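I have placed the structure first, in the form of structure tokens, so that the comments after it can refer back to it.
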Amino acid sequence: MIGAPISILLVEDDDIDAEAINRAFKKQKIANPITRAVDGIEALAFLRGDDGKEKMKSPYIILLDINMPRMNGHEFLKELRNDETLHGCVVFVLTTSDADRDIDQAYSQNVAGYIIKSHAGADFANLTGLIDHYWRYIELPTVGKRAS
């Protein structure tokens, strides 16, 4: 899998945060494609290729906000982990919530990490550096292909 382009699915309803994350990736010269969904329902459509959305190609990493309309991050994680094809997706939670119940609930759904936006830094440079290093050294699963 080394050398395969890794896409990012950013599940974020806040336009300002989404733009800041995009700027941080550009500033760090990380050119991986970023697809944005504004809630869990739209994110699932991208992952499944539903509702006229082009299905994302694996491998990818999901950056997930918790507090969103329609389907929040916890509801999305539950749906993702119950999906036979998508249950192995690598998810980092990126949120403003530092509530213990949100952290515990996210980790109970096997997230790779829980990042509080204010701890990531105003320009998200720390976040982009972390994610860049993560996918350089970790082998990611190829999601959506059933084992024979």
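Every number here is computed from the coordinates shown, using simple stated rules; none is lab data. Just so it is clear, the model here is predicted, and its values are computed rather than measured. Here Cβ is always computed from backbone atoms with ideal geometry, including for glycine, and neighbour counts include all displayed protein chains.
A few points about this structure:
- By other beta-carbon atoms within 10 Å, ranking Tyr60, Tyr107 with the fewest at the front produces Tyr107, Tyr60.
- Residue-wise HN-Hα coupling along region 42-49, computed from phi with Karplus coefficients 6.51, -1.76, 1.60 (Hz; x: Gly, Pro): 5, 4, 4, 4, 5, 6, 9, x
- Base-10 log of normalised Debye intensity for region 7-137 (one unit scatterer per alpha-carbon) at q = 0.09 Å⁻¹: -0.22
- Ranked Leu64, Leu86, Leu94, criterion: other C-beta atoms within 10 Å, fewest first: Leu86, Leu94, Leu64
- In region 7-137, Cα pairs under 8 Å separated by at least six residues give a relative contact order of 25 percent.
- Longest to shortest principal axis, alpha-carbon extents of region 16-65, angstrom: 32, 22, 16
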